[in-house]
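Beneath this line is the structure, given in structure tokens, with notes to follow.
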Amino acid sequence: MPRKARPAGPKSAGPPKSAVRKPASSKPDASKSAASKSAASKPAVPKSAVPKPVRPKPAKPESHLAMVRRARRINRELAEVYPYAHPELDFRNPFELLVATVLSAQTTDLRVNQTTPALFAAYPTPEDMAAAVPEDMEELIRPTGFFRAKTRSLLGLSAAIRDNFGGEVPGRLDDLVTLPGVGRKTANVVLGNAFGVPGITVDTHFGRLVRRWKWTDEEDPVKVEAVVAEIFPKSEWTMLSHRVVFHGRRICHSRKPACGACPIAPLCPSYGEGETDPARARKLLKYEKGGYPGQRLSPPADYPGEPAPGLDGREAAAQETALASAREDAAEDAAGRAARGAKTAPGAGAE
């Protein structure tokens, strides 16, 4: 009897295709093999042998004593650079220096020196200047700027010298600062250069340089004067002022100092604020240091540069006209005073 066929049962599904792992290739990965060989060829560097980055140590603050020593050395160096340092205003007596210093506000010493010869020709004494016609004086000093305000100051200080000091410029600081238009800076200029009384002149150049040199961070001129006076002996005050101002006008300029041509660069904590290339820095030098004329029309005999030029033709002609007018008015005024004196003299008008 034939056997009955068994019903076909469900086929075994087996593992899913995704679960079937392909056998790993017998060929090694070339990139991994190269990397492992490279790593194996480099010797291991111990952590202790790796140099740590060196952090710069913060600069040690300069002590006050070190600053004083550096400041005094700067003064000595400047004395060698500028043995001929002097006031850059032309003058022959204390009154002329006082007037010239008042006129120098907001202008250059050169401009003042070009202006004062005609002014002093018209008004040589405080008495003459006090009696000046304001409009005539304004025309004479017009090139210096702010001529109306300066005229008021000159008329006022001349009258004060005539009335309060016997026609002579006083030689004391307390007296000088009572004159119209005269402050401590002007008084120190007059005392130091006309009377031989030591004084520190804190103008814009002086203040700028002492702050660059870190002698002080004060902005007020009176405070700057007090600080610097503590650093230097009194005998050095006047010449120190001249040397610092000379350096500020010739090398250590306000906007672009010539650092690369500065003889005291090693002592300057602000080195690098200006041009450091020596060739380019030399092109920034002014006056005798750059081969140019100075500011005085009549400089001292030891000055190594050329004298300053006078006014140009047009300005000179205008000043000559103003001088002629001033002289004419002065003559008329003198004649009027003489006539009035004759009328009031004893016996005048008696028959």
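The values are calculated or read from the model by the stated rules, or taken from the named source; none is laboratory data. These numbers were taken from a predicted model, which means no experiment stands behind them. Because the Cβ atoms are built from the backbone with ideal geometry, glycine has one as well, and the counts that use them run over all protein chains shown. SASA here: full protein model, heavy atoms, side chains in, ligands and nucleic acids out. Shrake-Rupley method; radii C 1.70, N 1.55, O 1.52, S 1.80 Å.
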Tell me whether the range 94-193 comes out rounded, prolate or oblate; compute the Cα gyration tensor, take square roots of the eigenvalues as a ≥ b ≥ c, and use a/c under 1.5 as the rounded threshold. oblate
Karplus-derived 3J(HN,Hα) from phi for the range 230-237 (6.51 cos²θ - 1.76 cosθ + 1.60, θ = phi - 60°), whole Hz, x at Gly and Pro, runs 7, 8, 10, x, 4, 5, 9, 4
Please grab the % of Cα pairs in the range 166-224 that end up more than 17 Å from each other. 43
Work through the residues other than THR144 whose Cβ is under 12 Å from its Cβ and net out their charges, Lys, Arg +1 and Asp, Glu -1. 0
Need one value: the accessible area of MET239 in square angstrom, 1.4 angstrom probe, rounded to the nearest 10. 60
Just flag the GluC sites (Glu not before Pro) in the range 218-318 sitting in loop per DSSP whose Cβ has no more than 15 other Cβ atoms within 10 Å. GLU219, GLU273
Please list, ordered by chain and number, the residues whose modelled amide H lies under 5 Å from the amide H of ARG296; skip anything fewer than 5 residues away on the same chain. ALA308
Could you sort 181-187, 141-147 so that the peptide with the highest average Cβ count within 10 Å comes first and the rest follow in order? 181-187, 141-147
Straight-line reach from LYS234: which aspartates and glutamates have a Cα under 20 Å away, not including same-chain ones fewer than 8 places off? GLU77, GLU80, ASP174, ASP203, GLU225
Where in the range 132-159 does the label zone of LYS286 land, with the point 7 angstrom along Cα→C-beta and an amide N cut-off under 18 Å? 144-145
What is the distance in Å between the Cα centres of the range 301-327 and the range 197-214? 30
ASP163: net charge of surrounding residues, Cβ under 15 Å, Lys/Arg +1, Asp/Glu -1, itself excluded? -3
Counting Lys +1, Arg +1, Asp -1, Glu -1, what net charge surrounds PRO309 among other residues with beta carbon under 12 Å of its beta carbon? -1
Just the number, please: Stokes-Einstein D of the range 231-351 in µm²/s, Kirkwood Rh from C-alpha pairs, 20 °C, 1.002 mPa s. 110
In this structure, the FRET efficiency calculated for ARG73 and GLU306 from their beta-carbon separation, with R0 = 35 Å, to the nearest 0.05, is 0.65
Compute the length gained on full extension between THR321 and ASP217: take 0.36 nm times their separation in residues and subtract their Cα-Cα distance, giving the result in nm to one decimal. 32.7 nm
Pick out, in residue order, every one of the GluC sites (Glu not before Pro) in the range 60-158 that is DSSP loop and has at most 14 other C-beta atoms within 10 Å; say none if there are none. GLU62
If I take R0 = 35 Å and measure r between the Cβ atoms of TYR84 and ASP163 in this structure, what FRET efficiency does the formula 1/(1 + (r/R0)^6) give, to the nearest 0.05? 0.35
Extension reserve of the GLU62-PHE195 stretch, reckoned as 0.36 nm per residue once the Cα distance is removed: 44.1 nm
Estimated inter-spin distance, THR276 and PHE146, nm [label 7 Å along Cα→Cβ]: 3.8
